[in-house]
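Asks: Below you'll find the structure I mean.
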Amino acid sequence: MGDYKELLFYQKAQQIVIGVDALVKGLPKTMQAQEISRQLFRSSTSIGANIAEGHGRHEGAEYIHFLIIAQGSANETDHWLNTILDISLSQKEKIQALIEINNEVRRMLTATINTLKAKRDGQKIREESSPYAIEIDSSND
């Protein structure tokens, strides 16, 4: 299955961490900003960590489970980034750029989860082929 570091959504998740790290270093030293910083850094690092851990499971329900957790962390990261926007703690352009990358990761995670679920469900369904009898009513001719 390859190395998790080759996955595009993992690479983008790491871009988010790098951006968040730079962002939180520049936030004011108020109690509110510091609490948001901790939550944001924790949630953003959790995205990639869960992708990596899930990838180690290779496939199946456990992999999907960890990708769903990563998706939840990406949603939480979106929340904290929007909170920073709402209370004007940082430059809007910096936050918007991080939100864009995070949205890409969220879309990629959703697509991957859906693909894996479809693959999993498709493998469980085994329909035997059987001939279908079709009756033709020729009395209407």
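Every number in this text was worked out from the coordinates using simple rules, so none of it is lab data. No experiment lies behind these values; they were computed from the predicted model shown. Neighbour counts are summed over all protein chains in view; Cβ atoms, including those assigned to glycine, are modelled from backbone coordinates with ideal geometry.
Asks: Return the sequence-ordered ³J(HN,Hα) values of region 81-98 in whole Hz as given by the Karplus equation 6.51 cos²θ - 1.76 cosθ + 1.60 applied to θ = phi - 60°, using x for Gly and Pro.
Replies: After applying 6.51 cos²θ - 1.76 cosθ + 1.60, I find 5, 5, 5, 4, 5, 4, 9, 6, 8, 8, 5, 4, 5, 5, 5, 4, 4, 5 Hz.
Asks: Setting aside same-chain residues fewer than 8 positions from residue 29, which lysines have a Cα under 30 Å from its Cα?
Replies: The qualifying lysines are 12, 92, 94.
Asks: Find how much the distance from residue 65 to residue 87 grows on full extension, using 0.36 nm per residue of separation minus their present alpha carbon separation; answer in nm with one decimal. Let's see the in-between values first.
Replies: Details: separation 22, 0.36 × 22 = 7.92 nm, distance 3.34 nm.
Fully extending the segment from residue 65 to residue 87 adds 4.6 nm.
Asks: Calculate the dipole size of region 1-56 relative to its Cα centre from +1 charges on Lys and Arg beta carbons and -1 charges on Asp and Glu beta carbons; express the result in debye to the nearest 20.
Replies: 260 debye
Asks: What is the spin-label model distance, in nm, from residue 11 to residue 75 if the labels are put 7 Å beyond Cα along the C-beta direction?
Replies: In this crude label model, residue 11 to residue 75 measures out at 2.8 nm.
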